[in-house]
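Accompanying notes for the structure given below.
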Amino acid sequence: MFLVSHPLGYRALVIRELLRKQPSIALVVAAAYFEWTLSRALVALSERPNRELREALENIYGLAHYRDFWWSELQHLSEHQRLTEVIRNWHAVTQAFQQRNRLVHGRDRHTRNMATPHVECLLAAVNDLREYAQSHGFDLDRRLPVRKKRKEPPITPAVSRKTLSRSTSQNGNSQ
């Protein structure tokens, strides 16, 4: 739905427009936008190779798992913070995700008045993540750093001169 090239204000504007006409969808999109931003922040701030980190992220579902993964992945940062500290209103984000889950699983629907506080807290949480990444020198609206796994030098067996002389004498090359 969004591209990296879309400015932050545009993304929030689209979600708020959805909120006016389709509040339930706006909440689901806001939650997806939050998760997308969280994943980008993790890729930007981590030291692991991108491919390895993205593969690990494929198995992360739910806020509790994101919270734990954030802590384990970003402890190398100076002045590192837990995800629950980076996001100023973590409790509201958890409530928004509970409502998102109810919507996705067809257990509820939301009016604009019901969805608005959840959408706004998710948009605020996106800003919190952006500010944290920015404080560590990463702009989440730009291309993320590419980290590749270092290639190990090929392992070659050590061959001694004695071994070489034995093999050549067995082949009849030395007399």
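Among the candidates 38, 57, 42, 63, which residue alone is under 26 Å from residue 142 (Cα atoms) and touching a residue at least 40 places away in the same chain (Cβ under 8 Å)?
Working: 57 fails: touching a residue at least 40 places away in the same chain (Cβ under 8 Å); 42 fails: touching a residue at least 40 places away in the same chain (Cβ under 8 Å); 63 fails: touching a residue at least 40 places away in the same chain (Cβ under 8 Å).
38 is the lone residue from the list that is under 26 Å from residue 142 (Cα atoms) and touching a residue at least 40 places away in the same chain (Cβ under 8 Å).
Do we have residue 88 as surrounded by 13 or more Cβ atoms within 10 Å (Cβ to Cβ), at pLDDT 85 or above and farther than 27 Å from residue 65 by Cβ here? Walk me through it before giving the result.
Details: surrounded by 13 or more Cβ atoms within 10 Å (Cβ to Cβ): yes; at pLDDT 85 or above: yes; farther than 27 Å from residue 65 by Cβ: no.
Here the answer is no, as residue 88 does not meet what is asked.
Scan region 126-145 residue by residue and report those that are at pLDDT 85 or above and farther than 12 Å from residue 33 by Cβ. Can you show your working first?
Initial filter on region 126-145 (at pLDDT 85 or above): 126-140.
Result: 128, 131, 132, 133, 134, 135, 136, 137, 138, 139.
Residues in region 2-20: is at least one surrounded by 13 or more Cβ atoms within 10 Å (Cβ to Cβ), hydrophobic (A, V, I, L, M, F, W, C), part of a loop (DSSP other than H, G, I, E, B) and at pLDDT below 90? I'd like the intermediate steps shown before the answer.
Of region 2-20, the ones surrounded by 13 or more Cβ atoms within 10 Å (Cβ to Cβ) are 2, 6, 8, 11-12, 14-16, 18-19.
The next check asks that each one be hydrophobic (A, V, I, L, M, F, W, C); those that pass are 2, 8, 12, 14-15, 18-19.
Imposing the further condition that a residue be part of a loop (DSSP other than H, G, I, E, B) reduces the set to 2.
Applying the additional criterion that residues be at pLDDT below 90 yields 2.
Yes, that holds for at least one residue.
Restricting attention to region 48-83, and to residues there that are surrounded by 12 or more Cβ atoms within 10 Å (Cβ to Cβ), charged (D, E, K, R) and in a loop (DSSP other than H, G, I, E, B), which single residue is modelled with the highest pLDDT?
Taking the candidates together, the pick is 82.
Check region 99-110 and report whether any residue there is surrounded by 16 or more Cβ atoms within 10 Å (Cβ to Cβ), within 16 Å of the chain's Cα centre (by Cα) and part of a helix (DSSP H, G or I). If you could, list the steps in order and put the result at the bottom.
Keep residues of region 99-110 that are surrounded by 16 or more Cβ atoms within 10 Å (Cβ to Cβ), which gives 99-100, 103, 110.
Filter once more, so that each one left must be within 16 Å of the chain's Cα centre (by Cα): none.
Within region 99-110, none of the residues are surrounded by 16 or more Cβ atoms within 10 Å (Cβ to Cβ), within 16 Å of the chain's Cα centre (by Cα) and part of a helix (DSSP H, G or I).
Please go through region 79-97 and pick out each residue that is among the β-branched types (Val, Ile, Thr) and within 13 Å of residue 131 (Cα to Cα). Don't jump to the end; show me each part of the working.
In the first step, residues of region 79-97 are kept if they are among the β-branched types (Val, Ile, Thr); the result is 84, 86-87, 93-94.
Passing the criteria: 86, 87.
Anything in region 110-125 that is touching a Leu at 6+ places or on another chain (Cβ under 8 Å) and either at pLDDT below 90 or not hydrophobic (A, V, I, L, M, F, W, C) (or both)? List them, or say none.
The answer is 110, 112, 116, 118.
Being of a type in the set (D, E, K, R) and either outside any helix (DSSP H, G or I) or over 29 Å from residue 24 (Cβ atoms) (or both) is true for just one of 40, 88. Which residue is that?
Values: 40 fails: either outside any helix (DSSP H, G or I) or over 29 Å from residue 24 (Cβ atoms) (or both).
Result: 88 is the single residue among 40, 88 that is of a type in the set (D, E, K, R) and either outside any helix (DSSP H, G or I) or over 29 Å from residue 24 (Cβ atoms) (or both).
The values are calculated or read from the model by the stated rules, or taken from the named source; none is laboratory data. Since this is a predicted model, take the numbers as computed values, not measurements. Heads up, the Cβs are rebuilt from the backbone with ideal geometry, glycines too, and the neighbour counts pull from every protein chain shown.
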